[in-house]
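The values are calculated or read from the model by the stated rules, or taken from the named source; none is laboratory data. Predicted model, so just to flag it, every value in this text is computed and none were measured. Cβ sites come from the backbone with ideal geometry, for glycine too, and all protein chains shown count toward neighbours.
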Amino acid sequence: MKIIVGLGNIGDQYMNNRHNVGFMTLDLLFEKLGCDKWKENSKLKAITAETTLNGEKVFLAKPTTFMNLSGEAISKILSFYKESPEDLTVIYDDLDLPLGTIRTREKGSAGTHNGMKSAIQHLGTEEFTRIRLGIESRGELAPEQQDTSSYVLSDFTKEEKPLIEKAMKEVVETLI
């Protein structure tokens, strides 16, 4: 079984925030895979969907724990399905990558990302696949100075949307 988790925050006010790029990418994957509907699973602390791809079961999840506690949901999902971290892929935003950049790693630290810190803490390992999408905290499109927490909780600008949408589509194509 493949378990694919997108990180983000639950609630309409967060829907299009930079910090929700994991959720947004998972929504695109959900559509591309032709999933039926999202279901809230309070036991797993996630909104989930299931399908098959090339004969393999695929489980999609958006934790309902809010970003900084994502590891709670991820560990519950792996435990419930008796799967190992090697079957897990986590998709999330990265402030330190230029907007629209994609980085995939099979293992590694959480860096400054609190959702990933939570995942690593709850799983007890850094050995799982992660796909980071750059949201650029400073540079070409982002202001040089800003409050990081306000920035990640802000929506993409009109100029930024095409770049991040292209990156999310590329991630989806690599997953199917």
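Structural remarks
- Counted residues, region 1-25 - those being part of a loop (DSSP other than H, G, I, E, B), of a type in the set (Gly, Ala, Ser) and surrounded by 14 or more Cβ atoms within 10 Å (Cβ to Cβ): 1
- Within region 102-125, the only residue that satisfies the criterion of being closer than 13 Å to Thr89 by Cα and of a type in the set (S, T, N, Q) is Thr104.
- Single residue of region 81-139 satisfying the filter (in contact with a Pro (Cβ under 7 Å, 6 or more places away or on another chain) and under 27 Å from Lys158 (Cβ atoms)) that is modelled with the lowest pLDDT: Gly139
- Screening region 26-119 for strands (runs of 3 or more DSSP E) wholly inside it with 3 or more residues that are more than 27 Å from Lys161 (Cβ to Cβ) and in contact (Cβ under 8 Å) with a residue 24 or more places away in the chain returns the ranges 56-63.
- Residue count for region 120-130 satisfying the condition of being touching a residue at least 24 places away in the same chain (Cβ under 8 Å) and out of contact with any Gly (no Cβ under 8 Å at 6 or more places or on another chain): 4.
- Search result, residues across region 31-52 that are within 18 Å of Met168 (Cβ to Cβ) and exposed (fewer than 14 other Cβ atoms within 10 Å of the Cβ): Glu31, Gly34
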